[in-house]
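Here is the structure we will look at.
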Amino acid sequence: MPSAEEASEMSEAQIAVHWKEEEKIPPSPKFVAQANLADPKSLERFSLENFPDFFEEYAELLDWSQRWQTTLDTSNAPFWKWFVGGKLNASYNCVDRHLAKYADKAAFIFVPELEDQPQVRMTYQDLYERVNEFASLLRDFAGVKAGDRVTFHMPMVPELPVSMLACARLGVVHSQVFGGFSGQACGVRAADSGSRVLVTIDGYYRNGNLIDHKANADIAVKAAKELGQDVDKVLVWRRHPGRNSSKTPMLEGRDYFVDEVLKGYVGKRVEPVQMDAEAPLFLMYTSGTTGKPKGCQHRTGGYLAYVAWTSKYILDIHPEDVYWCMADIGWITGHSYIVYGPLALAATGVLYEGVPTYPDPGRPWRIAEELGVSIFHTSPTAIRQMRKTGPAEPTKYGYHFKSMTTVGEPIEPDVWRWYYDVVGKKEAVITDTWWMTETGGFLCSTVPALMPMKPGSTGPGAPGIFPIIYDDSGNEIPRGSDRAGNICIRAPWPGVFQTIWGDSERYVRQYYSKYNKNKDSKDWRDWPFMCGDGAVLAADGYFRILGRLDDVIKVAGHRLGTKELENAALTVPEVAEAAAVPIADEMKGRMPDIYVSLKPGIEPSDEVKKKVTRALEEEIGKIARPKNVYIVPDMPKTRSGKIMRRVLASISNHVDYGDITTLANPEVVEQVRLLVQGTGKVTPKAGHEEVLREVKEE
Ligand code: PRX
């Protein structure tokens, strides 16, 4: 396992960047006139001199059963405590408190993938009832209580936010595993979190097919058991209550259909359990340098305050907006900006079950038109896909967005312009919000009414966030220098995660140790938070994000660790060694290329390649499907035996692999190159050098 130092290692030369500055575009006066944050003077209150007191206004967006005494407690740095002494309940804040005014307003409009299935308009009153009933089932039937963990493996259906809020009502910590992850991946996460209850669904629609999802639950329970964790109750929602969408049998005494059990809980109410501000609200697993996923633990008070504030002032959500975030709730974007932030503001959210291009590329714009969507939120991969499949589709529909967001990966200025011109019809502002699972909410973005947009750049730090770029020695890289480095955040903020579940040492090591000069310090100034991305700061104070620096490949905006990919490939018995490297992909940004060498005596074959692909799908999920699998005679290695991923990534991306004379086996490099690129003349691919910034030798 590489040390923290190695994990963040990179030389500035490797990541020097050159690109042309884009012209800035101001927000429309119409947007400014209605924006929640439009007074230029308002930003002054977020100066570092006012830290951390200005974060009180974030917490004041919520209802507390007991007000906090201390805004920020740094006594156990870097385990920050926010709003200490305060008590609140997240489900109360997202549901109950809106009933007086908004009981009949839709909290969610669920749009099934199949257009002939009816949409479901779930009002705040409906949400209240369903959350209470399921909370009461969880408590009295599943026997969980505050502090216990429950794993979900759910797709984009309204039962997912209902389940999350039911847990929050009880103080139970939910851990939602992205529905597209495999049963195996779900089981590993359930075991790590110590969940004895799994909440899932029998099936869901994707690309017009009804997927058997229950089958994954059986695999998950088995995988968890192999890791020493018994899951003794599997609660299975039914996509169509009363009838089965899965052929996988139910195991008596373990598996229960939720709609059947709920019959005993109709009309039941559960008092929201008032939780400490610091009580964990949920875990969200993500990938990093090692093969083991990290359970990022988010707190109740600070997290909810932070996502509510940023939803209000960056996404500019008003209660009368119809807001559609196309992300999946199984990722942090969905937790923060589909469920917790928008619901805390009593917004109406659209929940769409399926893929944006089903049954045709006009689908998203039909939904937007029909439901009167005013705010739209998606990822560069989705934008690229929509542009490719239906470049003129948006013009055929009469929707009007006032604001739009892009998140999850860098967006090419050209793609940005299509989003602005065609999707946004030159009316909508765009926020390019940069952040990550660990940070709970946005770190950088423009404040849409106050700052012009710059295609391809995120913006300055969000109000209250103080980003800084350090070189490897901890010197600040000044703005306008065209040099890239490690982007860090100087001061804590309420949305930052509390720790890695069960591994506090790794939390300190991976996020703080590189730039901490005194590990005994209780002063937050000594503990910059290292985000794990490379970035450049332009002269105008806007950041441009270059990508991960810790062996993470962002595939269609999803975060996959090279180690996880390699471990999956190594489960194939024929495989001796495996290396995963990113390759540029027009649609998904990056995809993994997998290089394997085989055990002695085993001949390369298509069958082995297929097994590798299957292993990645089974261990991780279909999102991990490689672009190519190459069987190589040997891996290029250093004399100390490390696999040179950079050389492999150079070959995959058709860029010069540089000096290889110090390798233990330089002759292998040309063999691998011929295998991948063939004997023809190879033209270097424009833009592909950038990929190499993200690759580090083991
Ligand atoms: O590399 C950055 C990229 O996504 C990473 C975080 O991934 P994840 O934890 O899955 O969270 C994604 C949703 C917040 C970051 O380290 N990233 C995220 N947003 C942007 C981005 N890269 C460029 N521009 C963005 N707006």
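The values are calculated or read from the model by the stated rules, or taken from the named source; none is laboratory data. Since the model is a prediction, treat every value here as computed from it, not as a measurement. Note that we place each Cβ from the backbone using ideal geometry, even for glycine, and neighbour counts take in every protein chain shown. For accessibility, only protein heavy atoms count, side chains too; no ligands or nucleic acids. Shrake-Rupley method; radii C 1.70, N 1.55, O 1.52, S 1.80 Å.
Brief remarks follow.
Quick grid of which residues meet (1) touching a strand residue (DSSP E or B) at 6+ places or on another chain (Cβ under 8 Å); (2) free of Cβ contacts under 8 Å to residues at least 24 places away in the same chain; (3) open to solvent by 40 Å² or more (accessible area, probe 1.4 Å); (4) charged (D, E, K, R):
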residue: 351; (1), (2), (3), (4): yes, no, no, no
residue: 380; (1), (2), (3), (4): yes, no, no, no
residue: 390; (1), (2), (3), (4): no, no, no, no
residue: 402; (1), (2), (3), (4): yes, no, no, yes
residue: 409; (1), (2), (3), (4): yes, no, no, yes
residue: 422; (1), (2), (3), (4): no, no, no, no
residue: 431; (1), (2), (3), (4): yes, no, no, no
residue: 434; (1), (2), (3), (4): yes, no, no, no
residue: 450; (1), (2), (3), (4): no, no, yes, no
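- Checked against (1) on the phi > 0 side of the Ramachandran plot; (2) modelled with pLDDT under 95; (3) not acidic (Asp, Glu), residue 410 passes all but a single condition, namely (1).
- Test: residue in region 341-348 that is in a loop (DSSP other than H, G, I, E, B), among the polar types (S, T, N, Q) and more than 12 Å from residue 441 (Cα to Cα): no
- Unmet requirement for residue 366, which otherwise passes all of (1) surrounded by fewer than 21 Cβ atoms within 10 Å (Cβ to Cβ); (2) in contact with a helix residue (DSSP H, G or I) (Cβ under 7 Å, 6 or more places away or on another chain): (2)
- Annotation for region 291-314: no member residue is within 16 Å of the ligand (Cβ to nearest atom), farther than 28 Å from residue 551 by Cα and in contact with a Cys (Cβ under 9 Å, 6 or more places away or on another chain).
- Residue check for residue 479: over 23 Å from the mean Cα position of the chain (by Cα) and either basic (Lys, Arg) or crowded, with 19+ Cβ neighbours inside 10 Å (or both): yes
- Tally, over region 515-539, of residues that are assigned to a loop (DSSP other than H, G, I, E, B) and either open to solvent by 60 Å² or more (accessible area, probe 1.4 Å) or farther than 17 Å from residue 487 by Cα (or both): 8
Residue-wise test of (1) surrounded by 15 or more Cβ atoms within 10 Å (Cβ to Cβ); (2) in contact (Cβ under 8 Å) with a residue 60 or more places away in the chain; (3) basic (Lys, Arg).
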{"site": "230", "(1), (2), (3)": "no, no, no"}
{"site": "238", "(1), (2), (3)": "yes, no, yes"}
{"site": "257", "(1), (2), (3)": "yes, no, no"}
{"site": "265", "(1), (2), (3)": "yes, yes, no"}
{"site": "269", "(1), (2), (3)": "no, yes, yes"}
{"site": "272", "(1), (2), (3)": "yes, yes, no"}
{"site": "275", "(1), (2), (3)": "yes, yes, no"}
{"site": "280", "(1), (2), (3)": "yes, yes, no"}
{"site": "291", "(1), (2), (3)": "yes, yes, no"}
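- Taken together, 358, 323, 303 contain a single residue that is at negative phi, in a loop (DSSP other than H, G, I, E, B) and of a type in the set (Phe, Trp, Tyr), which is 358.
- For region 295-320, the set of residues classified as open to solvent by 10 Å² or more (accessible area, probe 1.4 Å) and in contact (Cβ under 8 Å) with a residue 60 or more places away in the chain consists of 297, 312, 313, 318, 319, listed by residue number.
- Some residue of region 252-270 being more than 28 Å from the chain's Cα centre (by Cα), within 30 Å of residue 499 (Cβ to Cβ) and not hydroxyl-bearing (Ser, Thr, Tyr): yes
- If you go through region 288-328 and keep only what is polar (S, T, N, Q) and at pLDDT below 95, you end up with 289, 290.
- Qualifying residue in region 439-460 (condition: touching a Ser or Thr at 6+ places or on another chain (Cβ under 9 Å), over 24 Å from residue 40 (Cα atoms) and not aromatic (Phe, Trp, Tyr)): yes
- Some residue of region 605-612 being within 29 Å of residue 185 (Cβ to Cβ), among the acidic types (Asp, Glu) and touching a Phe, Trp or Tyr at 6+ places or on another chain (Cβ under 9 Å): no
- Residue 51 surrounded by 18 or more Cβ atoms within 10 Å (Cβ to Cβ), modelled with pLDDT of 95 or more, closer than 27 Å to residue 448 by Cα and out of contact with any helix residue (DSSP H, G or I) (no Cβ under 6 Å at 6 or more places or on another chain): yes
- Filter result for the condition that a residue is over 16 Å from residue 635 (Cα atoms) and modelled with pLDDT of 95 or more, over 579, 568: 568
- With respect to the conditions (1) of a type in the set (A, V, I, L, M, F, W, C); (2) touching a residue at least 40 places away in the same chain (Cβ under 8 Å); (3) surrounded by fewer than 20 Cβ atoms within 10 Å (Cβ to Cβ); (4) closer than 28 Å to residue 679 by Cα, residue 576 falls short on a single one, namely (2).
- In region 556-656, counting only strands (runs of 3 or more DSSP E) that sit wholly within it, the ones holding 1 or more residues that are under 23 Å from the mean Cα position of the chain (by Cα) span 558-561, 575-585, 589-598.
- Residues in region 121-138 that are of a type outside the set (Phe, Trp, Tyr) and within 21 Å of residue 101 (Cα to Cα): 121, 122, 123, 125, 126, 127, 129, 130, 131, 132.
- Wholly within region 57-158, helices (runs of 4 or more DSSP H) carrying at least 3 residues that are within 30 Å of residue 439 (Cα to Cα): 90-94, 124-140
- Close Cβ contacts (under 9 Å, 6 or more residues apart or on different chains) running from residues in region 20-32 that are farther than 21 Å from residue 456 by Cβ to residues that are open to solvent by 30 Å² or more (accessible area, probe 1.4 Å) and of a type outside the set (D, E, K, R) comprise 32/26; 32/38; 32/450.
Yes/no per residue for (1) open to solvent by 10 Å² or more (accessible area, probe 1.4 Å); (2) over 21 Å from the mean Cα position of the chain (by Cα):
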position	(1), (2)
173	no, no
181	yes, no
186	no, no
193	no, no
201	no, yes
219	yes, yes
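- Region 556-574, residues that are under 18 Å from residue 642 (Cβ atoms) and away from the ligand (no atom under 12 Å from the Cβ): 562, 563, 565, 566, 567, 569, 570
- The listed residue being over 30 Å from residue 215 (Cβ atoms), at pLDDT 95 or above and aliphatic (A, V, I, L, M), out of 120, 111, 84: 84
- Filtered by the rule that a residue be assigned to a helix (DSSP H, G or I) and open to solvent by less than 20 Å² (accessible area, probe 1.4 Å), region 661-679 gives 668, 669, 672.
- Taking first residues from region 552-563 that are under 16 Å from residue 693 (Cα atoms) and of a type in the set (Ser, Thr, Tyr) and partners that are more than 7 Å from the ligand (Cβ to nearest atom) and outside any strand (DSSP E or B), the Cβ contacts under 8 Å between residues at least 6 apart in sequence or on separate chains come to 562/551; 562/645.
- Exactly one residue out of 594, 583, 553 is open to solvent by less than 50 Å² (accessible area, probe 1.4 Å), among the β-branched types (Val, Ile, Thr) and within 16 Å of the ligand (Cβ to nearest atom), and it is 553.
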